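The values are calculated or read from the model by the stated rules, or taken from the named source; none is laboratory data. Being a predicted model, the structure only gives us computed values, none of them experimental. Positions of Cβ are generated from backbone atoms using ideal geometry, with glycine treated the same way; all protein chains shown enter the neighbour counts. In case anyone asks, the SASA skips ligands and DNA or RNA and just uses the protein heavy atoms, side chains included. Shrake-Rupley method; radii C 1.70, N 1.55, O 1.52, S 1.80 Å.
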Amino acid sequence: MLRPGSTIGILGGGQLGRMLAIAAAHLGYRSHVYAPEATGPATEVAAEWTQGRFEDADAMRGFAARVDIATYEFENIDPQAVASLSERVAVHPPVRALDVARYRPHEKALVTELGGRTAPYREVASAADLARALGEIGAPAILKTTLFGYDGKGQVRIDDVGEAEAAWAALGSPPALPAGVPAIVEGRIDFLAEFSVVLARGRDGQVVTYDTPENVHHDGILATSSVPARQAILDQAAEAIGVARKIAERLDYVGVMAAEFFATADGPVFNEMAPRVHNSGHWTIEGAVCSQFENHIRAICGLPLGSTALTGRRVTMENLIGDEADRWPELLAEPGAHLHLYGKGDSRPGRKMGHVTRVVI
């Protein structure tokens, strides 16, 4: 077990790093953030901040020398940089999880191998490839970059198989990727609802899972997460949790992991995974006995995992996007509302500025 007073290194200084640092402080740990930016949401709550590129080997070596363990708050980091860091200090979750989760074909192939369902998909490297793929899987479909996509970014909807050339042009020119495959096209899923599995796995292999939240997205960005979910999700939750546990076990995962699913007439269909704490688990700060952030810290430090039991009958987390955060005076006046603002600068459309959680006792 890592003793309180030790320093936890966090790669990335966004809102997830901020909430991880707060949870770490509650358990007596210091946090040292490493990020390319000079400042960020985690600035005010981290004991130290190092600005540096993840590809800067010298800066990463200096960072490793000043922390006792390391983790990361987002997956768009070169796995080679994290692998290099792990030669000097223990890093959780493992590099293998980062490699799988950041590249869409890898995660879909793994889930399929483990017996889970995914949307039909093809890897495509040109408009001609896309046209052939659409001929095989049909339309409607969604064309996505294989790396760096989040909150609906890097995606183009396709309604007709004849839209291949226009869709490819709209996607732009993704960076060169392994095997020269810059994109993936997926058949669009006819789903009843969206949900996620949020679990924590300790160093000893112990796994705890949170109640499965029902997720609602607007314009590709999570709007709300609520528990308990509707019955259509509850009926499929056990199977989805089984898939998520298999992923965590295969990767020898340590920390909190989220896996997103569609509830369909044929059962749960895997969408994507996140090797980190997740937006759909923010409700756990007030809505569960031990939050996802505390359980992540507990897991990577080798501590016993905390209870995931609900603290109320119903919990809803609402993201505050863009100028929605300007509602802070009324939210603070609302009985039972728990407001979290991330300390970001100017709001802009699509930017997550904070969230509010409501617990019904």
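Summary of computed values
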item	result
Theoretical FRET efficiency, 1/(1+(r/R0)^6), r = Cβ-Cβ of L332 and A25, R0 25 Å, to 0.05	0.65
Percent accessible area from carbon and sulfur atoms, segment 290-338, protein chains only, probe 1.4 Å	52
Relative pair counts by distance (%), Cα atoms of the chain, 10 Å bins	5, 24, 34, 27, 10, 1, 0
Carbon and sulfur %, accessible surface of segment 21-96 computed with the full protein complex present, 1.4 Å	48
Proximal lysine pairs, the chain, alpha carbons under 25 Å, eight or more residues apart or interchain	8
Using alpha carbons only: equivalent-ellipsoid semi-axes of segment 27-70, gyration tensor based, whole Å	18, 14, 6
The chain, helix-only ellipticity at 222 nm - DSSP H runs n ≥ 4, -39,500 (n - 2.57), divided by all residues, nearest 500	-8500 deg cm²/dmol
Peptides ranked, highest mean first, by Cβ atoms within 10 Å: ranges 319-329, 224-234, 191-201	191-201, 224-234, 319-329
Loop sites in segment 79-146: GluC sites (Glu not before Pro), DSSP, at most 16 other Cβ within 10 Å	E87
Centroid-to-centroid separation of segment 15-70 and segment 289-337 [C-alpha atoms, Å]	22
Shape of segment 1-140, Cα gyration tensor, a/c cut at 1.5	prolate
Average accessible surface area per residue within the chain, 1.4 Å rolling probe, Å²	42
Cut-off under 5 Å, modelled amide H: who pairs with T264 long-range	L192, V269
Spherically averaged projected area in nm², based on the convex hull that wraps the Cα atoms of segment 245-335	8.5
Per-q log10 I(q)/I(0), segment 189-343, q = 0.10, 0.13, 0.21 Å⁻¹ (Debye; single scatterer per alpha-carbon; no solvent)	-0.36, -0.60, -1.36
